[in-house]
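Engineer: First, the structure itself, so that you have it in front of you.
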Amino acid sequence: MKKIILGSLLALSIAVPALAHPPITVYVDQQEVVFAGQAPVIVDDRTLVPMRKIFEAMDADVTWDEPSQTITSTRGSDVVTMTIGQKQVYKNGKVVYTMDVPAQIMQDRTMVPIRAVAVAFDANVAWDGINYVIDITTDGTTSGNYSKQIHADDGTLLATVSLTYSPLTSNSTAADKINKNINDQMSQKASVMTERLELAAKAAYTKNPASFQPYYYMYMGTYQAKGEGSDFTSVVLEERTFMGGTETKTLSADTYNMKNGSDAALTDIVTDSEKELETLMEKGFSALIDQNPAAFYSDAKDRLGKNLDEVGFYLDNNAVVFYLNSGIIAPESAGVIAFSVPR
């Protein structure tokens, strides 16, 4: 084990640090999609894919209207439209999803968030954050994951609940134990969030159907981040919730000992004492506040001192990432606040 010290900070940012990653590979129904020109990219923590290529791989017809900058995809009786620079996804004339990163053009290709693809034609999307692989299935299978759409009596889409997890694949008792733990968490989340969104969405739609936008809960963007060797593995889970207004994003992480599958504390991984780690976290987040004070609450440092127990961590390659969810020392709009140090 090693010490981690503040003097060797890898990054300071108002979001989870964006580290170099391999090319993103996309499969539709187990067939790899080959991209000519513009490949999938990550923008503002969203994976964007060339819309035409993906939809054509899903057997949808795609047309482009230059004057309105609108792309229309048709599959069966469903017609999906998106417009460059706009965040709304329309399906059969109704808004079914609001993207936080709008459709945009890169290298003459229309790029859209992968989740917009999933919502558009009721596909399931799994994300492997170790190998940067997107697996899209169009036949309703979810490989053990959970997906549910909630509709009003008139057929209007009210809410979507989607939970995905790319399980550890190593053949070991520890991996089995970790996968069971995550799957148990998913089952509980699915039950609670389905009931919560159904009640809230029905009430909101009944009150004002004309302006209603479908709610959603996504337990998504899941990936495993391994430290040096294979002694420990961090499973990082991202939750996104939209219930009117703005989307909220929450990060959670669990780190496991790969020898026995048990939970691991940071003091099991590094030699720093709890007091040293508290000092490191306080100085690291304070440095972020000093770097861009306008992005934080005016009393952010006081809030930080009172909420050090809310700091989470995960392993990413040979680094430890410390993070605080939005709303603790900065407004929701700031997103997840994080910095990383080598270990």
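Throughout, read-outs are computed from the coordinates displayed, never taken from laboratory work. This structure is a prediction, so every number in the text was calculated from the model and none was measured. Cβ: placed from backbone, ideal geometry, glycine included. Neighbour counts: every protein chain shown.
Engineer: Evaluate the distance, in nm, between pseudo-label points positioned 7 Å from the Cα of residue 292 and of residue 250 along their respective Cα→Cβ axes.
Structural biologist: Taking the simple label geometry, residue 292 and residue 250 are separated by 2.4 nm.
Engineer: I've got another one for you. Would you mind counting up the charge near residue 214? Only other residues with Cβ under 11 Å from its Cβ, with Lys and Arg at +1 and Asp and Glu at -1.
Structural biologist: Residues near residue 214 contribute +2 overall.
Engineer: Given (1) 21.0; (2) 21.6; (3) 25.9, which label gives Kirkwood radius over Cα pairs in Å as computed from the coordinates?
Structural biologist: (2)
Engineer: Nearest 0.05, what FRET efficiency do residue 36 and residue 273 give at R0 = 51 Å with Cβ-Cβ as r?
Structural biologist: Working from the Cβ atoms, E equals 0.40.
Engineer: Multiplying the sequence separation of residue 333 and residue 308 by 0.36 nm and subtracting their Cα-Cα distance, what value in nm do you get?
Structural biologist: Full-extension gain reported as 6.9 nm.
Engineer: Give the separation of the Cα centroids, region 93-115 to region 296-343, in Å.
Structural biologist: Using only Cα atoms to place each centre, the spacing works out to 29 Å.
Engineer: Here's another thing I want to ask about it. Show me the ranking of peptides 82-90, 323-331 by mean Cβ neighbours inside 10 Å, starting with the highest.
Structural biologist: Peptide ranking by packing, descending: 323-331, 82-90.
Engineer: For Cα pairs less than 8 Å apart in space and 6+ apart in sequence, what is the mean separation divided by the residue count of the chain, i.e. the relative contact order in percent?
Structural biologist: So the answer I get is 18 percent.
Engineer: To the nearest 10 degrees, how steeply does helix 274-291 sit against the main Cα axis of the chain, on a 0 to 90 scale?
Structural biologist: Taking the Cα atoms of the chain, the angle to 274-291 is about 50 degrees.
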